Number of protein chains: 2
Amino acid sequence: VTQGLPRPGAFRLAAGNEDEHLRRALAAFRGVRGPLLGPGHDCAVVDVGGGPVVVTTDVLVDGVHFDLATAGGAAAGGKALLVNLSDLAAAAAVPAAFEVGAVLPRGSAPDLGERIAEGLAAVAARYDCPCAGGDTNVGPGPLVLAVTVLGRPGPGGVVTRAGARPGDLLSVTGPLGGSRAGRHLAPVPRLREAAALASLGVPRAMMDLSDGLSRDLPRLCGASGVGAVIDAAAVPVHGDVYRCRDGRSPLEHALDDGEDFELLLAHAPLGEETRARLAAAGVRLFEIGRVTLPEQGLRLARGEDSVALLPRGYDHFA
Amino acid sequence: VTQGLPRPGAFRLAAGNEDEHLRRALAAFRGVRGPLLGPGHDCAVVDVGGGPVVVTTDVLVDGVHFDLATAGGAAAGGKALLVNLSDLAAAAAVPAAFEVGAVLPRGSAPDLGERIAEGLAAVAARYDCPCAGGDTNVGPGPLVLAVTVLGRPGPGGVVTRAGARPGDLLSVTGPLGGSRAGRHLAPVPRLREAAALASLGVPRAMMDLSDGLSRDLPRLCGASGVGAVIDAAAVPVHGDVYRCRDGRSPLEHALDDGEDFELLLAHAPLGEETRARLAAAGVRLFEIGRVTLPEQGLRLARGEDSVALLPRGYDHFA
């Protein structure tokens with residue numbers, strides 16, 4: 001998820017969308033000293049005196065990011081940490097600890113807090129990312145889980161969304177679409193893949209796909225000041241899309257569904273040795289397109305033809 | 001605010017209270033690697049590779065911590081950052097950057113996000129604590145603001161709630177009570193005072209008073225494994241208590257109201273030179289009691305008599 005809050009509640013403006021709200025709210029911080037790497041990427045980087053600290057926040061709300069009644073507290077807690085770890089993976093950073101802020105709905109099950117803690121603890125143990133602390137309150141609204149993860153730059157340094165160059169290839173780490181059939185609750189943060197890629201110097205720009213390729217690709221291209229063309233035939237479609245019978249094509253699902261939490265990266269063509277090392281590390285890359293000049297915009301190619309790639313992915317303010 | 005989430009939603013349990021919920025939820029993390037300083041203090045300390053990072057989170061909810069309709073978005077945003085800076089002051093730490101997670105209520109004013117950002121930016125500039133980033137969503141509930149502040153240990157190191165010894169004096173940095181008359185919206189984080197105190201090695205244990213002296217003192221004493229006696233006549237009463245006409249005495253307001261955001265600290269008796277230096281730094285200390293043996297519990301003394309000091313301060317789960 002793009003770092004950078006708080007966005008105005010301008011979701012009622014006709015022209016408003018999530019990215020525009022972000023841009024407007026950030027105007028309030030003009031003239032205030034900024035961090036080392038500020039809003040607009042998957043993680044920020046701040047100077048806390050002893051070296052750069054990578055930090056990222058995601059806020060999850062019952063009814064938007066999970067359905068508490070069917071998923072349960074443990075899955076909600078687990079997802080709240082996993083999606084933040086996915087942001088850390090996008091920066092090729094290494095998790096160090098997390099904080100959690102929670103608002104429990106008044107009148108919820110007496111053990112909700114414990115279930116959430118169990119879900120958080122299981123993920124914390126799996127990714128060696130201890131809970132530092134946090135704060136819980138009770139409120140009249142739905143369950144809210146706000147997790148902030150701190151990490152350190154990986155051996156290859158912090159990877160951002162900026163840095164893609166015309167001629168680069170675009171790849172993703174796994175098939176896309178249909179995550180709402182269930183796997184969105186337990187995404188696999190691509191920390192291992194990111195570490196392997198970054199240690200080989202592969203990613204020039206990288207992000208995780210949370211709102212769908214069609215909405216997230218423009219963010220990477222915007223940050224890098226480039227265009228892109230996606231080869232429709234090359235986009236790997238997840239089998240889950242066939243569990244979503246809503247009349248949309250498999251490709252539409254893969255482009256627009258969101259919550260894939262796969263990495264999207266721009267990179268130079270890979271040499272034989274790099275390919276071999278990635279394969280040895282168990283990293284799969286699906287080449288889906290290439291980076292173009294900015295004036296070429298964002299295109300979706302089908303054979304010889306191409307159409308504009310429109311952002312139909314998830315907009316939290318729509 | 002005590003670090004350590006998520007607490008179970010066990011607020012409906014007869015015996016339940018905020019601290020007990022915290023203890024239960026933390027059980028889920030048994031066996032998971034912990035941070036350098038974990039839950040139970042105002043801040044946690046984590047190892048992010050390049051040196052210790054101090055971190056703290058507070059979650060604020062409309063209708064609990066502020067009234068958005070009367071206070072406005074800027075005040076809400078400002079308070080969300082100020083109360084976290086107060087937690088950093090309690091640890092005598094230095095702010096470095098913050099993250100903010102927000103859930104805006106569906107249908108709120110189009111400029112709510114910008115107003116919140118303005119409030120945050122004003123406080124960020126005042127305390128040189130840049131915004132690193134964050135995440136905003138829209139939900140059906142009230143406004144939620146979850147702020148996490150990162151900082152570095154001050155020159156005197158991190159001060160915790162543990163370390164008070166029998167015989168120590170207990171002091172606060174300002175008068176207490178009546179904050180709900182208005183000043184709770186714009187607390188002054190005692191960062192300057194904490195830095196001066198810690199650089200002179202004064203605080204053996206310290207915390208900020210968010211839930212009221214009668215509820216917070218037991219937390220400091222519990223963390224230190226000590227008892228305490230408070231001299232009722234010595235507790236400085238804020239003038240604001242006289243604006244709260246609800247039949248409770250000024251002392252009750254000072255003990256129980258909460259959201260004072262003054263520092264409570266245990267310290268050895270101060271020498272002349274230390275007193276002079278604190279005065280030169282503009283730090284006022286009000287001695288309100290002393291630390292006793294744990295078996296003496298928590299007492300409120302009125303002249304020769306004393307009664308048990310009961311925790312009547314704010315319980316978010318009550």
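The values are calculated or read from the model by the stated rules, or taken from the named source; none is laboratory data. Computed from a prediction, not measured in an experiment: that's the story for all the values here. Positions of Cβ are backbone-derived with ideal geometry, glycine not excepted, and every protein chain shown enters the neighbour counts. SASA here: full protein model, heavy atoms, side chains in, ligands and nucleic acids out. Shrake-Rupley method; radii C 1.70, N 1.55, O 1.52, S 1.80 Å.
Please determine, by comparing only the residues of segment A:235-260 that are buried (at least 17 other Cβ atoms within 10 Å of the Cβ) and among the small types (Gly, Ala, Ser), which one is farthest from the chain's Cα centre (by Cα).
Only one residue tops the list, namely A:254.
When the residues of segment B:53-62 are filtered to those that are more than 16 Å from the chain's Cα centre (by Cα) and at the interface with another protein chain (Cβ under 7 Å from one of its Cβ atoms), which remaining residue is modelled with the highest pLDDT?
Here the answer is B:61.
Being over 19 Å from residue B:190 (Cα atoms) and either in contact with a Phe, Trp or Tyr (Cβ under 6 Å, 6 or more places away or on another chain) or of a type in the set (D, E, K, R) (or both) is true for just one of B:259, B:272. Which residue is that?
None of the other options fit; the residue is B:272.
List the residue pairs whose Cβ atoms are under 8 Å apart, where the first residue sits in segment B:34-56 and is touching a residue at least 24 places away in the same chain (Cβ under 8 Å), the second is basic (Lys, Arg) and assigned to a loop (DSSP other than H, G, I, E, B), and the two are 6 or more positions apart or on different chains.
Taking only residues 6 or more apart or on different chains, the pairs are B:40/B:161; B:41/B:161; B:42/B:161.
Within segment B:212-234, which residues are open to solvent by less than 10 Å² (accessible area, probe 1.4 Å) and within 16 Å of residue B:307 (Cβ to Cβ)?
Hits for segment B:212-234 are B:213, B:214, B:217, B:227, B:228, B:230.
Could you tell me which of the residues A:148, A:160 is under 18 Å from residue B:102 (Cβ atoms) and among the polar types (S, T, N, Q)?
Of the residues listed, the single one that is under 18 Å from residue B:102 (Cβ atoms) and among the polar types (S, T, N, Q) is A:148.
Listed residues A:255, A:293, A:278; which is under 30 Å from residue A:66 (Cβ atoms) and modelled with pLDDT of 95 or more?
Within the list A:255, A:293, A:278, the selection yields A:255.
With the structure loaded, tell me whether residue B:145 is more than 7 Å from chain A (Cβ to nearest Cβ), open to solvent by less than 10 Å² (accessible area, probe 1.4 Å) and either under 17 Å from the mean Cα position of the chain (by Cα) or closer than 27 Å to residue A:138 by Cα (or both) or whether it fails that test.
It is true that residue B:145 is more than 7 Å from chain A (Cβ to nearest Cβ), open to solvent by less than 10 Å² (accessible area, probe 1.4 Å) and either under 17 Å from the mean Cα position of the chain (by Cα) or closer than 27 Å to residue A:138 by Cα (or both).
If a residue has to be open to solvent by 80 Å² or more (accessible area, probe 1.4 Å) and either of a type in the set (Val, Ile, Thr) or within 19 Å of the chain's Cα centre (by Cα) (or both) to count, how many in segment A:288-309 make the cut?
Within segment A:288-309, residues that are open to solvent by 80 Å² or more (accessible area, probe 1.4 Å) and either of a type in the set (Val, Ile, Thr) or within 19 Å of the chain's Cα centre (by Cα) (or both) number 0.
Is one or more of the residues making up segment A:201-210 in a helix (DSSP H, G or I), open to solvent by less than 40 Å² (accessible area, probe 1.4 Å) and at pLDDT 95 or above?
no
Taking residue A:69 as the residue in question, decide whether it is among the small types (Gly, Ala, Ser) and crowded, with 24+ Cβ neighbours inside 10 Å.
For residue A:69, the condition - among the small types (Gly, Ala, Ser) and crowded, with 24+ Cβ neighbours inside 10 Å - is not met.
Being buried (at least 24 other Cβ atoms within 10 Å of the Cβ) and of a type outside the set (Gly, Ala, Ser) is the filter; apply it to segment B:124-142 and report the residue that is nearest to residue A:142 (Cα to Cα).
Of everything passing the filter in segment B:124-142, B:136 is nearest to residue A:142 (Cα to Cα).
Can you pull out every residue in segment B:33-51 that is more than 7 Å from chain A (Cβ to nearest Cβ) and either crowded, with 21+ Cβ neighbours inside 10 Å or among the aromatic types (Phe, Trp, Tyr) (or both)?
Matches in segment B:33-51: B:37, B:41, B:42, B:43, B:45.
Does segment A:273-292 hold any residues that are more than 26 Å from residue A:214 (Cα to Cα) and touching a residue at least 24 places away in the same chain (Cβ under 8 Å), and which are they?
The answer is A:274, A:277, A:278, A:281, A:282.
Yes or no, residue by residue, for (1) open to solvent by 10 Å² or more (accessible area, probe 1.4 Å); (2) of a type in the set (Gly, Ala, Ser); (3) modelled with pLDDT of 90 or more:
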| site | (1), (2), (3) |
| --- | --- |
| A:95 | yes, no, yes |
| A:100 | no, no, yes |
| A:105 | yes, no, yes |
| A:121 | no, yes, yes |
| A:152 | yes, no, yes |
| A:169 | yes, no, yes |
| A:175 | yes, no, yes |
| A:185 | yes, no, yes |
| A:188 | yes, no, yes |
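Run residue A:128 past the list (1) among the acidic types (Asp, Glu); (2) more than 7 Å from chain B (Cβ to nearest Cβ); (3) at positive phi and report the number of the one that doesn't hold.
Status for residue A:128: all satisfied but (2).
Which count do you get for residues in segment B:62-74 that are in a helix (DSSP H, G or I) and free of Cβ contacts under 8 Å to residues at least 40 places away in the same chain?
2
Being not in a strand (DSSP E or B) and not basic (Lys, Arg) is the filter here, so list the residues in segment A:165-174 that pass it.
A:166, A:167, A:168, A:173, A:174
Among the residues of segment A:294-314, is there at least one that is within 21 Å of residue A:86 (Cβ to Cβ) and in contact with a strand residue (DSSP E or B) (Cβ under 9 Å, 6 or more places away or on another chain)?
yes
Scan (1) touching a residue at least 60 places away in the same chain (Cβ under 8 Å); (2) within 28 Å of residue A:38 (Cα to Cα); (3) within 14 Å of another protein chain (Cβ to nearest Cβ) for the single condition residue B:188 breaks and write down its number.
All conditions are met except number (3).
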